[in-house]
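See below for the structure under consideration.
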Amino acid sequence: MGRSRSSRPPPPPLVLLLVLSLWLPLGAGDSLPTESRLVNSCIQARKKCQADPACKAAYHQLESCTSSLSTESPLEESSTSADCLEAAQQLRNSSLMGCTCHRRMKHQATCLNIYWTVHPARSLGDYELDVSPYEDTVTSKPWKMNLSKLSMLKPDSDLCLRFAMLCTLNDKCDRLRKAYGEACSGFRCQRHLCLAQLRSFFEKAAESHAQGLLLCPCSPEDVGCGERRRNTIAPSCALPSEIPNCLDLRSFCRADPLCRSRLMDFQTHCHPMDILGTCATEQSRCLRSYIGLIGTAMTPNFISRVNTSVALSCTCRGSGNLQDECEQLERSFSQNPCLKEAIAAKMRFHRQLFSQDQVDSTFSVRQLQNCSPAPRPQLRLPVLSLFILTLILLQTLW
């Protein structure tokens, strides 16, 4: 009696679930950028260059220039420099010349090595610390803080202790903080490992957690709070045991692609443009570039537990006829109006988070911080169109 039924597609809910499982990963965004998501990553630019014989040959020439900088004799320098500049001229119209990196990207060291390879003038001593190699994008996501979890602390606990507790309550922040705490502990201190773990913390922890720990506000009379803030970066291990000359410290930094890049990024975004203190970019970028120096040879820190002044761990004694240049470098941290105001503004924001009317609420940082909000992940139009088209086609089969 019953007619044989032809095979039918799965029930609509299952089909929808299948389609969504294929579509959602396409629309979701990673917390850390990969080179393919950058506008012109140096890694992607090199791949394009290697597909062109002339570009590939010029790039290999510049690679040899970079590797020979520290080994060639003065007699060879002029001819090598000419060859390097000629190779750079050949790459002038290549995407390599405008390529950038990101401080949180995968393979960051490789990207920065490529960047400095294709800028031989800067690698050969013409240090123009005014153009950052980093693409200036915001990739951090908004995060929510449940301040009610801080009820275990005493009501009069200082804000540095509260931000430390917020980090402890976050699995990723707590894990990264413990890693650099262990690497930087007094009896285990190996400075290069300590600096590497510090960089890992400030690159991988949520920006709001990292900035909360580093830039927590303290009352001038609260010495304990100020000491906690100053000890955030484990200065006894992270900073040099013997105070170097500031110009020697900068030379050491410039020999390392990562440190040189972070220093250039700081000079780009925290640079006062005139005597009135007009800043080159907004405060969020200045702070991000300042924090980017932590974990490098140029790691700065608070100089005291009773105020918010910062400085490099170096001296200008013995600078000779370069005394003025050394003091200018020193002042770019200790007397930088852009950096001072950026730190002060962030501390005011952090204090506002814990104001009385916010104490027992759960809220997003985005509600209070409007200076440079992180962009929300956007659905890509082609992906959305593909999803709608798939639904239409499936409807014809039901």
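The values are calculated or read from the model by the stated rules, or taken from the named source; none is laboratory data. Every value quoted in this text rests on a predicted model; they were computed, and no experiment measured them. Glycine also receives a Cβ, built like all others from the backbone with ideal geometry; neighbour counts cover every protein chain displayed. Surface areas here come from the heavy atoms of the whole protein model, side chains and all, with no ligands, DNA or RNA. Shrake-Rupley method; radii C 1.70, N 1.55, O 1.52, S 1.80 Å.
Taking the criterion of being assigned to a helix (DSSP H, G or I), of a type outside the set (A, V, I, L, M, F, W, C), under 16 Å from residue 351 (Cβ atoms) and open to solvent by 20 Å² or more (accessible area, probe 1.4 Å), would at least one residue in the range 191-210 satisfy it?
Checked the range 191-210: at least one residue is assigned to a helix (DSSP H, G or I), of a type outside the set (A, V, I, L, M, F, W, C), under 16 Å from residue 351 (Cβ atoms) and open to solvent by 20 Å² or more (accessible area, probe 1.4 Å).
Consider residue 240 carefully, then state whether it is open to solvent by less than 40 Å² (accessible area, probe 1.4 Å), touching a residue at least 60 places away in the same chain (Cβ under 8 Å) and outside any helix (DSSP H, G or I).
Against the criterion (open to solvent by less than 40 Å² (accessible area, probe 1.4 Å), touching a residue at least 60 places away in the same chain (Cβ under 8 Å) and outside any helix (DSSP H, G or I)), residue 240 qualifies.
What is the one condition in (1) buried (at least 21 other Cβ atoms within 10 Å of the Cβ); (2) farther than 21 Å from residue 108 by Cβ that residue 309 does not satisfy?
Checking residue 309 against (1) buried (at least 21 other Cβ atoms within 10 Å of the Cβ); (2) farther than 21 Å from residue 108 by Cβ, the one that fails is (1).
Going through the range 345-374 one residue at a time, which ones are modelled with pLDDT of 50 or more and over 20 Å from residue 209 (Cβ atoms)?
356
Considering only residues that are of a type outside the set (Lys, Arg) and farther than 17 Å from residue 61 by Cα, look in the range 104-117 and name the one that is surrounded by the most Cβ atoms within 10 Å (Cβ to Cβ).
Here the answer is 111.
Just checking, which of 289, 261 is in a helix (DSSP H, G or I), closer than 19 Å to residue 200 by Cβ, in contact with a Pro (Cβ under 6 Å, 6 or more places away or on another chain) and among the polar types (S, T, N, Q)?
261
Looking only at the range 264-271, decide whether some residue is over 18 Å from the mean Cα position of the chain (by Cα), assigned to a helix (DSSP H, G or I), among the acidic types (Asp, Glu) and surrounded by 15 or more Cβ atoms within 10 Å (Cβ to Cβ).
Within the range 264-271, none of the residues are over 18 Å from the mean Cα position of the chain (by Cα), assigned to a helix (DSSP H, G or I), among the acidic types (Asp, Glu) and surrounded by 15 or more Cβ atoms within 10 Å (Cβ to Cβ).
Among the residues of the range 65-83, what is the count of those that are closer than 17 Å to residue 46 by Cβ and either modelled with pLDDT of 85 or more or open to solvent by less than 40 Å² (accessible area, probe 1.4 Å) (or both)?
Residues that pass the stated criteria total 1.
Have a look at 277, 295 and point out the one that is of a type in the set (Gly, Ala, Ser), surrounded by fewer than 18 Cβ atoms within 10 Å (Cβ to Cβ), on the phi > 0 side of the Ramachandran plot and assigned to a loop (DSSP other than H, G, I, E, B).
From the options 277, 295, the qualifying one is 277.
Find the residue count for the range 137-170, including only residues that are under 30 Å from residue 112 (Cβ atoms), modelled with pLDDT of 70 or more and open to solvent by 40 Å² or more (accessible area, probe 1.4 Å).
1
Here is a list of conditions, (1) modelled with pLDDT under 80; (2) at positive phi, and residue 107 meets all of them except one; can you say which number that is?
(1)
Does residue 62 satisfy the criteria of being of a type in the set (A, V, I, L, M), open to solvent by less than 60 Å² (accessible area, probe 1.4 Å), within 26 Å of residue 251 (Cα to Cα) and at pLDDT 85 or above?
The answer is yes for residue 62.
Please verify whether residue 120 is modelled with pLDDT under 80 and surrounded by fewer than 15 Cβ atoms within 10 Å (Cβ to Cβ), treating the condition exactly as stated.
No; evaluated as a whole, the condition is false for this residue.
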